[in-house]
Amino acid sequence: MEEQAAEVIIVGSGPSGLATAACLKVHSIPYVILEREDCFASLWKKYSYDRLHLHLAKQFCDLPHMPFPPSYPSFISKNLFVKYLDDYVSHFNIIPLYRRSVELANYDEASRKWIVKVMNYGSTSGKVEEYYSGKFLVVASGEASNPFTPDIDGLSTFTGKVLPGIESIRGNEVLFVNGQSHSFDSIIFCTGFKRSTDMWLKGDDYLLGEDGIPKPSFPDHWKGKNGLYCVGLSRRGLYGINADARNIADDIKFSLL
Ligand SMILES: Cc1cc2nc3c(=O)[nH]c(=O)nc-3n(C[C@H](O)[C@H](O)[C@H](O)COP(=O)(O)OP(=O)(O)OC[C@H]3O[C@@H](n4cnc5c(N)ncnc54)[C@H](O)[C@@H]3O)c2cc1C
């Protein structure tokens with residue numbers, strides 16, 4: 001088993017992963033950023049509706065070390081936010097490794113490193129298993145990254161129509177995961193999402209609960225044991241992401257002194 005070594009391994013390239021990468025870059029700390037999708041900020045680029053705007057004013061939504069341009073309005077549209085993220089990635093030269101789905105992360109006491117098993121779905125030779133090792137592991141996999149279908153009482157006897165999961169929505173046209181599409185007069189979002197960490201993070205019994213929520217309470221929610229951190233999992237939106245990312249990078253810098 002050949003491992004690719006990195007000082008810091010970041011799982012996820014949404015705003016949390018990007019913010020952490022930028023803060024590490026400012027401290028000149030090398031990192032690798034693993035993303036299971038084929039782009040960064042996939043929630044914003046691929047899985048959100050066109051009319052979406054940030055619901056908090058812009059001074060609460062920027063990422064570390066790069067404020068929004070003064071020309072941006074107070075409440076930023078999805079398209080402008082994506083443009084800002086594109087500029088952010090260029091500015092900090094962030095290069096995620098795409099189509100890398102993290103399947104298992106365990107702490108190895110002997111080497112004092114996190115060993116991360118990844119499935120690379122982008123390889124030209126089909127899907128390939130890869131391993132990464134790092135002194136620090138940053139969980140930036142999002143609060144809403146996995147679709148979740150709850151058990152609903154009475155669903156089996158429901159006489160209405162239950163359609164498969166939604167792949168994307170363009171205007172009033174809905175594309176379903178089975179490839180069919182239908183148009184609707186109105187669409188009401190009652191969707192459930194689930195954090196994914198319980199599926200792959202195994203070497204931790206301190207930081208994150210089975211529900212993926214940090215167990216230590218605010219303001220200590222971002223730091224685990226053995227070089228484990230989480231960013232963006234404390235239900236504080238982009239404002240919380242900004243603070244978590246700065247704290248994590250500062251803490252890693254301090255550990256490396
Ligand atoms: C519709 C919507 C609107 C929102 N509006 C606001 C707002 O106005 N203001 C605000 O402050 N917050 C808002 N939020 C909340 C939050 O700021 C966003 O959800 C933000 O995108 C969170 O960033 P993140 O990087 O933590 O998670 P995500 O954006 O979900 O990114 C997580 C990334 O991790 C990747 N990933 C997950 N699991 C794995 C794995 N096992 N291996 C590899 N990669 C993995 C995912 O593919 C994804 O790219 C909104 C959220 C939603 C859903």
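The values are calculated or read from the model by the stated rules, or taken from the named source; none is laboratory data. Not measured: the values here are computed from a predicted model. In this analysis, Cβ positions are derived from the backbone assuming ideal geometry, glycine residues included, and neighbour counts consider all displayed protein chains.
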> Of all residues in the range 119-142, which are outside any loop (DSSP other than H, G, I, E, B) and either over 30 Å from L238 (Cβ atoms) or touching a helix residue (DSSP H, G or I) at 6+ places or on another chain (Cβ under 7 Å) (or both)?
Replying inline: V128, E129, E130, Y131, S133, F136, V138, V139
> Restricting attention to the range 239-248, does a residue exist that is modelled with pLDDT of 90 or more, surrounded by fewer than 14 Cβ atoms within 10 Å (Cβ to Cβ) and in contact with a helix residue (DSSP H, G or I) (Cβ under 8 Å, 6 or more places away or on another chain)?
Replying inline: yes
>> So E109 passes all but one of these: (1) free of Cβ contacts under 8 Å to residues at least 12 places away in the same chain; (2) more than 23 Å from T197 (Cα to Cα). Which condition number does it fail?
In response: (2)
>> Of everything in the range 53-85, what is surrounded by 13 or more Cβ atoms within 10 Å (Cβ to Cβ) and of a type in the set (A, V, I, L, M)? Give them in sequence order.
In response: L54, L56, L63, M66, I76, L80, V82, L85
> Which one of these does S186 not meet: (1) at pLDDT below 85; (2) assigned to a strand (DSSP E or B); (3) among the hydroxyl-bearing types (S, T, Y)?
Replying inline: (2)
> For N120, which of the numbered conditions (1) without any contact (Cβ under 8 Å) to a residue 40 or more places away in the chain; (2) over 16 Å from I33 (Cβ atoms) fails to hold?
Replying inline: (2)
> With respect to K223, is the statement that it is over 23 Å from V82 (Cα atoms), out of contact with any Ser or Thr (no Cβ under 9 Å at 6 or more places or on another chain) and at pLDDT below 95 true?
Replying inline: no
> Looking at Q59, Q4, which one is within 17 Å of S101 (Cα to Cα) and among the polar types (S, T, N, Q)?
Replying inline: Q4
>> Exactly one condition in (1) within 13 Å of G142 (Cβ to Cβ); (2) at pLDDT below 95 is false for L52; which is it?
In response: (1)
> Does S234 fit the bill of being more than 9 Å from the ligand (Cβ to nearest atom), of a type in the set (S, T, N, Q) and touching a Gly at 6+ places or on another chain (Cβ under 7 Å)?
Replying inline: yes
>> Quick test for you: out of I213, I248, I252, I187, pick the one residue that is of a type outside the set (K, R), touching a residue at least 12 places away in the same chain (Cβ under 8 Å), closer than 22 Å to P30 by Cβ and within 16 Å of the ligand (Cβ to nearest atom).
In response: I248
